[in-house]
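Colleague: Below you'll find the structure I mean.
Read-outs: derived from the displayed coordinates by stated rules, not from any lab. Predicted model only: the values in this text are computed from it and were never measured. Neighbour counts are summed over all protein chains in view; Cβ atoms, including those assigned to glycine, are modelled from backbone coordinates with ideal geometry.
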Amino acid sequence: MADNDIPQSRLLQLPGELRNGIYEYAREDDTVGVHVARSLNSTGTTPMTRTQPWFLGLTQTCRAIRKEFRPVYMEHTVFSMRLLGAYTFIAAYVPSHVEVFCGNVLINFDYGLSLLETNILPLLQIMRRFSRLSVRANCSNTGFREDLDNLLNARAGGWFDEDVLTKVVRITVKKRAPCIAITWDIKCADTKSELYLPRDATLSTRRMWHAACFEWLSEKGLVMNELAVLFRPVWSSEGRDP
């Protein structure tokens, strides 16, 4: 089929000013709820993103419309989702090949938190790459929300790459009624590190190590007054110890 035989979108046939007016109209004024469902296919279970918004589908149409509409839509729309849903959403809607991306994500920590640990360090690394991707916490407990926002905003600090990514293996979050627990898995095998801890450390030395970890966080502005903050030493190169 020749190029001139390929059906053209009627939207793209409209004048540019009229298309821009349609894109402005299609912006979502209210917060958009997003949840992740799982559907069965021939290969097993596959995560799928389901949403409530009317016009999100326009961001996934042809390349020309996507290029015109997605920046407008993503910059002005706030998407609300649970923590695990954020990974699927970002993988689906945040382009991996671009350097600049605007977006607004609201993570609801009141629902969907597991008693099992969820590593949020990869999410912080994604946020670090896109400085204009805003990710905020939504939680009914004001103290928890402020602490979680403090953690989510940590990636904006210039020390993040040098300090956190070199000293931290994982940052996990889990439900620990009536609180939320944040656990930092810290590399502690390097004798030159300020967070060094020998495997055979005494109880007193371990207590001093935990105090040093708290001081290290405090120096970075990561003071958490309401969350249950824990530190776990990691000696193995793979990042996991028995």
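Colleague: Taking R0 as 51 Å, what FRET efficiency do you get between residue 61 and residue 203 from their Cβ-Cβ distance, rounded to the nearest 0.05? Numbers along the way, then the final one.
Modeller: Values: r = 61 Å, r/R0 = 1.20.
The formula returns an efficiency of 0.25 here.
Colleague: Sticking with this structure for a sec: With θ set to phi - 60° and the Karplus curve 6.51 cos²θ - 1.76 cosθ + 1.60, what are the ³J(HN,Hα) couplings of the stretch 202-211 in order, to the nearest whole Hz, using x for Gly and Pro?
Modeller: Whole-Hz 3J(HN,Hα) from phi for the stretch 202-211: 6, 4, 5, 5, 5, 5, 5, 5, 4, 5.
Colleague: Let me ask something else about it. Using R₀ = 25 Å, calculate the FRET efficiency as 1/(1 + (r/R₀)^6) where r is the Cβ-Cβ separation of residue 12 and residue 76; round to 0.05. Mind showing how you got there, number by number?
Modeller: On the way: r = 22 Å, r/R0 = 0.87.
For residue 12 and residue 76, the calculated efficiency is 0.70.
Colleague: What is the calculated FRET efficiency for residue 22 to residue 110, with r their C-beta to C-beta distance and R₀ = 25 Å, to the nearest 0.05? Let's see the in-between values first.
Modeller: Details: r = 36 Å, r/R0 = 1.43.
Working from the Cβ atoms, E equals 0.10.
Colleague: Sorting 213, 102 on the 10 Å Cβ count, fewest up front, what's the list?
Modeller: Values: 213 22, 102 16.
Fewest to most other Cβ atoms nearby, the residues stand as 102, 213.
Colleague: For the pair residue 163 and residue 84, how long in nm is the line joining their label points, each one 7 Å along Cα→Cβ?
Modeller: Placing both labels 7 Å along Cα→Cβ, they lie 3.2 nm apart.
Colleague: Neighbour counts of other C-beta atoms within 10 Å: give me 79, 101 arranged from fewest to most. Let's see the in-between values first.
Modeller: Working: 79 25, 101 20.
Ranking 79, 101 by Cβ neighbours within 10 Å, fewest first, gives 101, 79.
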